[in-house]
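The values are calculated or read from the model by the stated rules, or taken from the named source; none is laboratory data. Just so it is clear, the model here is predicted, and its values are computed rather than measured. Cβ sites come from the backbone with ideal geometry, for glycine too, and all protein chains shown count toward neighbours.
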Amino acid sequence: MTLSLPVDADANELLSRSPLALLIGMLLDQQVTLEKAFTSPRDLVRRLGHEPTAQELADYDPEALVAIFSERPALHRYPRAMAARVQQLCQLVVDRYHGDAASVWAGAPTGQDLLTRINALPGFGADKARIFVAFPSASSAGYAPKGWREAAGHFGDEGSRCSVADIVDADSLAEVRAYKQSRKSAAKAAH
């Protein structure tokens, strides 16, 4: 399955074929637009001159990686913090999954197990983990464990239009943005 996020074809192609790029994009999807978050893995590849492995990024000199993240335009609003978070993510992929990012979801016997695995990733809170369980690319990797919809909560509902996992075209993007805006407004009103 090729993703249809509102990013250019090169970025979608990388996210569709590289589980590590998809994990990094999802990790970066905070405090920046989703377009920025999901094009940054492609931009990282361009800056490095090749597609990095989890081991390479885990072992990368931290200050050199910060410099790469900080080049203009920066890969994230908070390049230092997110470069460190990407290294933490890659180190966990190396330590627990032998450097194979697809193994984060491949072989998870149940949706709940998949949710537990994703929830353990640095930078993946409860909602982000549920969104990733619902993400189309996890299923396209050839593995959608029994009970994944239940584990994803309302993010797994058919036609929910509340997360990046639901974006397939311009209309669904608009619906996701409206949902996020309504959540932000409700949170502000609660304070």
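Per-residue answers, yes or no, for (1) modelled with pLDDT of 90 or more; (2) of a type in the set (A, V, I, L, M); (3) under 23 Å from Leu92 (Cα atoms):
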| residue | (1), (2), (3) |
| --- | --- |
| Leu22 | yes, yes, yes |
| Leu34 | no, yes, no |
| Phe38 | yes, no, yes |
| Pro41 | yes, no, yes |
| Arg46 | yes, no, no |
| Pro52 | yes, no, yes |
| Glu63 | yes, no, yes |
Inset, instruction - Say whether the condition of being farther than 19 Å from Leu44 by Cα, in contact (Cβ under 8 Å) with a residue 12 or more places away in the chain and not in a helix (DSSP H, G or I) is met by at least one residue in the stretch 87-105. - result: yes
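Matching residues to (1) free of Cβ contacts under 8 Å to residues at least 12 places away in the same chain; (2) among the basic types (Lys, Arg); (3) not in a helix (DSSP H, G or I):
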| position | (1), (2), (3) |
| --- | --- |
| Leu23 | no, no, no |
| Met26 | no, no, no |
| Gln30 | no, no, yes |
| Leu44 | no, no, no |
| Gln55 | no, no, no |
| Phe69 | no, no, no |
| Arg72 | yes, yes, yes |
